[in-house]
Amino acid sequence: MTEPTISLEESKPQFDWPVGENDKATVLRIWNFGKRKQTNPHARAFWAATISFFFTFVGWFALAPLMPAVRDSIGICDEYTEYGTQLMCVCGPKCRDVLQNANICSVASTIGMTVATGFLLEKFGPRVVQSVYMALFAIPVLCAAFIVNGAGLVAVRFFIGGVGATFVTTQFWCSLMFAPSVVGTANATAAALGKLDGGVTQFLMPSIFSGFVEAGLSVGIAWRVSMVVPGVIFVLVSLVVWFSSQDTPHGKFHTSMLGKANTSLWDYVEALKDYRVVLMMLQYAAYFGTELQLNNQLVLYFHDFFQLPVELSGRAVSVSLAVMLDNFIGPLGGGLSDLNFKKWGMRGRLWIHFICLLVEGIMLVAFGREGQFEAAITCLGVLGLFVQTSQGTSYGIVPFMMPQHRGIVSALVAAGGHFGAVLAGFIYKYIKDDPRIPFQVHGLCVITIALTVPLMYWPHFGGMFCKAKPGAVNPHINFSQSNSSIRVADQSKSSSITPSDVPSPEDKT
């Protein structure tokens, strides 16, 4: 009696979404949440990464839209003006210094956590890292309710800021689950939907605060109780990520999936030796540094410059940030990057990246020159369009740079964004004569950084003005890592299998 044979194809898991090389999804079906993580790990991972990053922004920037109430409550306001029959805090020099120090610290702490996250991701995988981060940073978010002075405000914002490192996990996770032909769109969509809450928070937190005030709480108590809400959400999201998702299409992540035996701190040095990684860090500073500082600055800018009360300031900014963080905008950048890649290779990705960064800088200068509320809101909306598109174009490039150090490179680039926010924070801190001037100076810096994009060139990909060298191959592909066939001809223009698609151990079995 002959024993039944089971073919390799029959033994492989059946996925709900079409898959390609290494069982990575070749489509992104945005409204599919995945019925089971075994049959649709791609959707589960996408939404676990996206939702956790979405609520990251709630806690990270929850204090910013409440700042008009917080600064008066903790006694740091040193200058008032009449607004109708009431005195309204407009913040003198000492008050502004405290607030700007808090803004700077809220992103400075993220730099170290972001850099460390690259190593942790390659060591433990994205599910564990994301879940632990959400639970860990719930602690300083809840501690915000006990702030009593300026030093406490700076300290709490510093410790909360580390949660921004969840962005690296989001991008790394998507790169493990999606094929090169759609990874730009997946990365951009996850980031855009996640950061949508940067705009939602500007409306959500003042609304929660107003609800508690209307319920009878004093202003000084209402904002403190409001901060409990994001802290509880962090804990709940941590549990959802832990139990509802997995690292890769086949379960737990291990370092060999990146085509190397192990990960080490020396990988950071190897990545930084590549000047294109350094340039991308600088360019990401122009994009993400702008977004983070807008989240920190705009409520007080509208409140003080246009003399809007806290509820109206939050809603005015929410209108513009809703455009900035609209869930179609980030994916637009990634989609355009993927489309240009299919037609023109890496040259297409670089061109759209350059255009978006350049227009972002121009619109930031234009926003800083507007003295009329309606015109300022309009400029901010257009600025938001190109800010978020720049995010999509950035992470359409990053997964292709050094595939074997994907987590490390993602972390370094993200850290560059946070470092840019710190540097931009000093612009807003030290230029005090006219609140519009810092936005103009910041915009000029972005324009200058955009001019570095044409300097990026790979022999196997080409650059903005140069095609790839004939016969050049990606030096980061280790062909001994897999027995699968990988096409290297015309690497810069392949839409199915690219040099970044480092074979995973599943292909060996």
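The values are calculated or read from the model by the stated rules, or taken from the named source; none is laboratory data. This structure is a prediction, so every number in the text was calculated from the model and none was measured. Note: ideal-geometry Cβ built from the backbone for every residue, glycine included; neighbour counts use all protein chains shown.
Just a few scattered comments:
- Residue match in segment 5-15 (condition: part of a loop (DSSP other than H, G, I, E, B), of a type in the set (Lys, Arg) and modelled with pLDDT of 90 or more): no
- Test: residue in segment 214-228 that is under 22 Å from the mean Cα position of the chain (by Cα), surrounded by fewer than 24 Cβ atoms within 10 Å (Cβ to Cβ) and in a helix (DSSP H, G or I): no
- Subset tally (residues that are buried (at least 24 other Cβ atoms within 10 Å of the Cβ) and in contact with a His (Cβ under 6 Å, 6 or more places away or on another chain)) for segment 98-113: 2
- Single residue of segment 77-97 satisfying the filter (of a type in the set (Ser, Thr, Tyr) and either closer than 14 Å to ASP304 by Cβ or in contact (Cβ under 8 Å) with a residue 60 or more places away in the chain (or both)) that is surrounded by the fewest Cβ atoms within 10 Å (Cβ to Cβ): THR81
Residues checked against (1) among the charged types (D, E, K, R); (2) in contact (Cβ under 8 Å) with a residue 60 or more places away in the chain; (3) farther than 20 Å from ILE397 by Cβ:
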{"position": "LEU120", "(1), (2), (3)": "no, no, yes"}
{"position": "ALA135", "(1), (2), (3)": "no, yes, yes"}
{"position": "ASN149", "(1), (2), (3)": "no, yes, yes"}
{"position": "ARG157", "(1), (2), (3)": "yes, yes, yes"}
{"position": "ILE160", "(1), (2), (3)": "no, yes, yes"}
{"position": "ALA165", "(1), (2), (3)": "no, yes, yes"}
{"position": "SER210", "(1), (2), (3)": "no, yes, yes"}
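- Filtered residue count, segment 69-90, keeping only those that are touching a Pro at 6+ places or on another chain (Cβ under 8 Å) and in a helix (DSSP H, G or I): 0
- Verdict on ASP274 being modelled with pLDDT of 80 or more and either out of contact with any Ser or Thr (no Cβ under 7 Å at 6 or more places or on another chain) or of a type in the set (Gly, Ala, Ser) (or both): yes
- Residues located in segment 412-435, provided they are free of Cβ contacts under 8 Å to residues at least 12 places away in the same chain and of a type in the set (D, E, K, R): ASP433, ASP434
- If you go through segment 259-274 and pick out every residue that is assigned to a helix (DSSP H, G or I), of a type outside the set (D, E, K, R) and more than 22 Å from the chain's Cα centre (by Cα), you end up with 2.
Residue-wise test of (1) in contact with a helix residue (DSSP H, G or I) (Cβ under 7 Å, 6 or more places away or on another chain); (2) surrounded by 17 or more Cβ atoms within 10 Å (Cβ to Cβ); (3) among the basic types (Lys, Arg).
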site: MET401; (1), (2), (3): yes, yes, no
site: HIS405; (1), (2), (3): yes, yes, no
site: ILE408; (1), (2), (3): yes, yes, no
site: GLY416; (1), (2), (3): yes, yes, no
site: LYS429; (1), (2), (3): yes, no, yes
site: GLY443; (1), (2), (3): yes, yes, no
site: ALA450; (1), (2), (3): yes, yes, no
site: GLY463; (1), (2), (3): yes, yes, no
site: GLY471; (1), (2), (3): no, no, no
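- All of ALA215, ALA188, ALA192 fail the test of being free of Cβ contacts under 8 Å to residues at least 40 places away in the same chain and among the hydrophobic types (A, V, I, L, M, F, W, C), apart from ALA215.
- Between THR189, THR117, THR185, the distinction of being modelled with pLDDT of 90 or more, assigned to a helix (DSSP H, G or I), among the hydroxyl-bearing types (Ser, Thr, Tyr) and over 30 Å from TYR430 (Cα atoms) belongs to THR117 only.
- Of all residue pairs spaced 6 or more apart or on separate chains, those with beta-carbon atoms under 6 Å, a first member in segment 65-76 that is crowded, with 22+ Cβ neighbours inside 10 Å and a second member that is polar (S, T, N, Q) and modelled with pLDDT under 90 are PRO65/GLN202.
- Qualifying residue in segment 466-479 (condition: outside any loop (DSSP other than H, G, I, E, B) and modelled with pLDDT under 50): yes
- Odd one out for LEU142, checked against (1) under 30 Å from LYS252 (Cα atoms); (2) at pLDDT 90 or above; (3) of a type in the set (A, V, I, L, M, F, W, C): (1)
- Any hit, segment 290-308, residues being closer than 27 Å to PHE203 by Cβ, loosely packed, with under 15 Cβ neighbours inside 10 Å and at pLDDT below 80: yes
- Residues located in segment 234-274, provided they are among the hydrophobic types (A, V, I, L, M, F, W, C) and surrounded by fewer than 18 Cβ atoms within 10 Å (Cβ to Cβ): VAL235, LEU236, LEU239, VAL240, TRP242, PHE243, ALA261, LEU265, TRP266, VAL269, LEU272
- Scanning segment 44-95 for residues that are modelled with pLDDT under 85, touching a Gly at 6+ places or on another chain (Cβ under 6 Å) and farther than 19 Å from LYS429 by Cβ returns PHE57, PRO65.
- LEU258 vs. criteria modelled with pLDDT under 80 and among the aliphatic types (A, V, I, L, M): yes
- Number of residues in segment 91-114 that are in contact with a helix residue (DSSP H, G or I) (Cβ under 7 Å, 6 or more places away or on another chain), assigned to a helix (DSSP H, G or I) and over 15 Å from ARG157 (Cα atoms): the value is 2.
- Long-range neighbours under 8 Å by Cβ, at least six apart or interchain, first residue in contact (Cβ under 8 Å) with a residue 40 or more places away in the chain within segment 391-411, second part of a loop (DSSP other than H, G, I, E, B) and among the aromatic types (Phe, Trp, Tyr): PHE400/PHE461
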